[in-house]
1. I need a count of the residues in region 181-231 that are touching a residue at least 60 places away in the same chain (Cβ under 8 Å) and open to solvent by less than 20 Å² (accessible area, probe 1.4 Å).
2. Looking at region 18-41 only, could you name the residues that are within 28 Å of Glu57 (Cβ to Cβ) and of a type in the set (A, V, I, L, M, F, W, C)?
3. For region 181-189, does any single residue satisfy the condition of being outside any helix (DSSP H, G or I), over 15 Å from Glu22 (Cβ atoms) and charged (D, E, K, R)?
4. Quick test for you: out of Leu40, Leu3, Leu35, pick the one residue that is closer than 21 Å to Ala177 by Cα, surrounded by 14 or more Cβ atoms within 10 Å (Cβ to Cβ) and touching a residue at least 60 places away in the same chain (Cβ under 8 Å).
5. Just a yes or no: is a residue in region 13-28 open to solvent by less than 30 Å² (accessible area, probe 1.4 Å), farther than 21 Å from Phe200 by Cα, part of a loop (DSSP other than H, G, I, E, B) and at pLDDT 95 or above?
6. Test of understanding: among Ala41, Ala48, Ala31, which residue is within 15 Å of Gly96 (Cα to Cα) and touching a Lys or Arg at 6+ places or on another chain (Cβ under 6 Å)?
7. Restricting attention to strands (runs of 3 or more DSSP E) lying wholly within region 72-174, give those where 3 or more residues are closer than 26 Å to Trp44 by Cα and open to solvent by less than 60 Å² (accessible area, probe 1.4 Å).
Amino acid sequence: MNLVLATDDSGGPEIFASVQGEGPSAGEPTAFVRLSRCNLACVWCDTAYTWHFTGDERPHRSGELFDRKANQVTLEVADVAARIAALGQRRLVVTGGEPMLQAAALAELLAALPDTTVEIETNGTAFPPPKLEVWVDQFNISPKLAHSGNARELAIVPGVLRRYASDGRAFFKFVVAEPADVDEVRELARAHALPRGRLFLMAEGTDGATLRARQEWLVPLCLEHGFRLSDRLHIHLFGDTRGT
C-alpha cells in the first residue's frame, strides 16, 4: 500500500524531526510526516502546497497555485515507516493536508511503528476507522471557523465533533484571526460539548510579529473564557518553512 506525501524544499518526502510547535505537546521532540491532499480549503492555509494545485479553483489568499507533480511524492508504506524510524524519535505527528483521506494506508504505517506515541492532526470532519483509531494516542482536532472560507456544512460535522469530544485523547485547537472569532468558538463549544480543558485558541499568522500582536488580545480572552492558549513555536524558531 502507498501513501501520498507532501514534498520538502528538495523535492523529497516531507518527513523530518523537530519539536512540536502547537497544542498540548508543544516542545516535545517529534518525528513528523506530512501527507498531501485536503478536503477543505482554508484561505489562510500555510501548507497550501499540499492541496492548492494547478486547476484547483478554491480560493487562497496568496493566489499561488502549485504543480502537483513537484509537490507530491508517492511512497510505499514500508519506505515511509523506515524513514520515520531512522529519525530516532519516540513521538510521531501525522499532519497534512488531511490525514483521514488516507486512513487505510495510514493504519498500515502506524501498525509498523507499534512503539511510537502517535498524534494525528486533523480538521475533524471524519473519525478514523477502527483499524486506524486503535493506533492513535492523541488527536489534535482543528475545526475551521467561518473566516477560513469553508462552507459551514463542509467544515463542521456535528456527529464527528461530538464523537471526538467524548474521546479523552482528543484536543481541540481553533485558529482565530480577530476577537469576534472567539464568539464562534464559544458557540461551537456549547453546541458540541467540547471540553474547555482540552480546547486551545491559536492566533492565525505565519510570522512572529503577527502572532505576538494577536496574542495581546487573545490572552485576555483565554482568561475570560477558560480556554487554553497555543503558540506556534516553530514559526518563532524557523519561520514559515517546510520541514520544520
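The values are calculated or read from the model by the stated rules, or taken from the named source; none is laboratory data. This structure is a prediction, so every number in the text was calculated from the model and none was measured. Positions of Cβ are generated from backbone atoms using ideal geometry, with glycine treated the same way; all protein chains shown enter the neighbour counts. Surface accessibility is based on the protein's heavy atoms, side chains included, excluding ligands, DNA and RNA. Shrake-Rupley method; radii C 1.70, N 1.55, O 1.52, S 1.80 Å.
1. Residues meeting the conditions: 4.
2. Leu35, Cys38, Leu40, Ala41
3. Filtering region 181-189 down to residues outside any helix (DSSP H, G or I) leaves none.
Scanning region 181-189 turns up no residue that is outside any helix (DSSP H, G or I), over 15 Å from Glu22 (Cβ atoms) and charged (D, E, K, R).
4. Working: Leu3 fails: closer than 21 Å to Ala177 by Cα; Leu35 fails: closer than 21 Å to Ala177 by Cα.
Only one candidate qualifies: Leu40.
5. yes
6. Answer to the check: Ala41.
7. Working: elements: 72-76, 91-95, 117-122, 138-141.
So the answer is 91-95, 117-122, 138-141.
Results for (1) among the small types (Gly, Ala, Ser); (2) out of contact with any Phe, Trp or Tyr (no Cβ under 8 Å at 6 or more places or on another chain); (3) at pLDDT 95 or above, shown as yes or no for each residue.
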site: Val134; (1), (2), (3): no, yes, yes
site: Ser142; (1), (2), (3): yes, no, yes
site: Leu145; (1), (2), (3): no, no, yes
site: Pro158; (1), (2), (3): no, yes, yes
site: Tyr164; (1), (2), (3): no, no, yes
